[in-house]
Amino acid sequence: MKYPKILFLCALTGAFLLIFALLPPDSLSLETLKSQHLLLKTHVGHAPVQSAALYFALYVVVSAFSIPGAALLTLLGGALFSFTEGILLVSFASTLGATLAMLASRYLLRDWVQRRFSAQMKTVNEGVQRDGAFYLFALRLMPLFPFFLVNLLAGLTSLGVRQYWWVSQIAMLPATVIFLNAGREMGKLTSLRDILSPGMLFAFTLLGLLPLIARWLLSRYHPSSH
């Protein structure tokens, strides 16, 4: 198990260094993306496959390292690619990045995560033991739990990689669709707050809680099915 861990660590370190070599400071800002939109759109038109591959790889690294800018990259995907292409690229890239972060937490950062987030870890472990994948689904949709924290804490739970993958992909899909759609009108945006209103955040929270509420009602009125 020692050598796979070393290879995984080297790959993550290489990707981390590469991302900072390729991305100059402030490149992942709304103003920069808006100013470069037409140039990037032209490049995508000339080299669609290479552009999609580069975008996918960039999104995976940003997600895996929780580098600020994933939401802006999703907007950019909506501006550069068709809606269907954007959904495929962002959905799979964000889920792959999240899974890599979870694996890094599980196999490389376990001791640090346990020390740094001991209180949150206790809550999440209890939730996963009680509700399993439903709890992860709720965490993914609740704005109170940041993307990076869910990845780190999930790595120390009993959730399997395959289960973590498909639950994350489904739960992150609503926000992906909203941001991709907003990206089609990137020129009119002045802030990310133009996209996620308080009402939208409340709707996401409610959507995340629905499976837990349904499970609780089922166990309450049909104890034998719990």
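The values are calculated or read from the model by the stated rules, or taken from the named source; none is laboratory data. Computed from a predicted structure; not experimentally measured. No Cβ is skipped: glycine too gets one built from the backbone with ideal geometry, and neighbour counts run over all protein chains shown. The accessibility values were calculated without ligands, DNA or RNA, using every heavy atom of the protein model including side chains. Shrake-Rupley method; radii C 1.70, N 1.55, O 1.52, S 1.80 Å.
Placing Leu103, Leu80 in order of accessible area, with the largest value first and a 1.4 Å probe, yields Leu103, Leu80. Residue separation of Ile170 and Val49 scaled by 0.36 nm, minus their Cα-Cα distance, works out to 41.0 nm of gained length. The residues neighbouring Thr157, those whose beta-carbon lies less than 15 Å from its own, together hold a net charge of +4 under the Lys/Arg +1, Asp/Glu -1 convention. In loop segments of region 105-163 as defined by DSSP, there are no trypsin sites (Lys or Arg not before Pro) with at most 13 further C-beta atoms inside 10 Å of their C-beta. For the pair Arg162 and Arg130, label points projected 7 Å from Cα toward Cβ lie 2.8 nm apart. Rounded to 0.05, the FRET efficiency of the Lys122 and Leu144 pair, given R0 = 25 Å and the Cβ-Cβ distance, is 0.95.
Protein-only accessible surface at a 1.4 angstrom probe places the residues Thr42, Thr95 in the order Thr42, Thr95, largest first.
Element breakdown for region 41-139 at a 1.4 angstrom probe: carbon and sulfur atoms account for 66% of the accessible area.
Available extension along the chain between Thr42 and Trp112 is 20.8 nm, counting 0.36 nm per residue and deducting the alpha carbon span.
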